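Enquirer: Pasting a structure below so you can have a look.
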Amino acid sequence: MEDVLKQQQNELNEFFIYMELSKLEKNPHNKRVLHEIAMQEKQHYEFWKSITKQELRPQKLTIGYYVTLAQLFGLAFALKLMERGEEKAQSFYKRLIMKYPEAKKIFEQEHEHEEKLLRMLSDAKLAYAGAIVLGMNDALVELTGTLTGVALAFANAKYVGITGVIMGVAAALSMAGSAYLEARENKDAGIEPKKYAFYTGLAYILTTVILVAPFFFVDSAKVGVLFMFVGAVISIVVYNFYIAVAKEESFTRRVGEMFAITFGVALISFAIGYFVNRYFGIEI
């Protein structure tokens, strides 16, 4: 009965989540499907209520959490993160089908949810994920590599930070311009060139801030490099988790690839900086 009550609560929460999202959704097709799924969730709730004989209240924090995620990070990310919980729900239904045959229909509807969501989603934020990847990856590779090398020549962390800011702003503008031209040449993709350029430049700037900031709070450039890599690791993990959920890709594979590229370039730059520092005696 405890499991039944938990599932009843989940169905009620999801009904309110889908209803709230349908009210916020501007795409007519998405709005209709979200409303349809919400009504199904309500039916599921009523079914379990007929068994438990208990009226439950929606959990406002859970509902607000997923609605806020959808507003901030897009419909695809929020719903697919929520649908990950459906795997446990489906396992629950399989166990109870023998005792409650009516649960088979609900189980089939739960399975259909994911298929419908995959077909319906037209998420503007996710459509420009390529621009964010372009800006973020480029900033991570270029800045971690360059600043690692520069930190071995510049003992003063502030000098490294200032160098990073100059490079970051210049590179962000350059990347945004290149992204605009790239998007303009691929009009069939349905992407607005100006918006694509904006997301690319913004991703580069934000990544620059994360990587460069430590150098302004420490005296040693080498200590700044350590904190820079902490920021790089957090950025890589957080962003790739978002993409892995929203696009249903392998989180481990994506993170591994980005780590290999970012830290591989940084290692090469470290070797170059060490060579310059040791054999040319350049240290500021």
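Enquirer: Send over the Kirkwood Rh of the stretch 128-279, from the inverse of the averaged 1/r over different Cα pairs, rounded to one decimal Å.
Expert: 15.9 Å
Enquirer: So, R0 is 22 Å and r is the distance between the beta-carbons of His29 and Tyr65; what FRET efficiency does that work out to, to 0.05?
Expert: It comes to 0.30.
Enquirer: Which value, in nm² and rounded to one decimal, describes the direction-averaged projected area of the C-alpha convex hull of the stretch 185-236?
Expert: Over every viewing direction, the Cα hull of the stretch 185-236 projects on average to 4.7 nm².
Enquirer: Please list 3J(HN,Hα) in residue order for the stretch 231-245, calculated via the Karplus relation 6.51 cos²θ - 1.76 cosθ + 1.60 where θ = phi - 60°; whole Hz, with x for glycine and proline.
Expert: For the stretch 231-245, the Karplus curve yields x, 5, 4, 4, 4, 4, 5, 5, 5, 5, 5, 4, 5, 4, 6 Hz.
Enquirer: Please work out, to two decimal places, the log10 of the ratio I(q)/I(0) at q = 0.17, 0.22, 0.23 Å⁻¹ from a Debye calculation in which every Cα of the stretch 1-53 carries one identical scatterer.
Expert: Debye intensities relative to I(0), on a log10 scale: -0.51, -0.71, -0.74.
Enquirer: Ok, one more. Within the set Lys6/Lys42; Lys31/Lys105; Lys104/Lys247, which residue pairs have Cα atoms separated by over 20 Å?
Expert: Working: Lys6/Lys42 15 Å; Lys31/Lys105 24 Å; Lys104/Lys247 29 Å.
Violating the 20 Å Cα-Cα cut-off are Lys31/Lys105; Lys104/Lys247.
Any read-out appearing in this document is the output of simple, stated calculations on the displayed coordinates, not a laboratory observation. All values derive from a computational prediction rather than experimental measurement. Ideal geometry is used to build each Cβ from the backbone, glycine not excepted, and the neighbour counts take in all protein chains shown.
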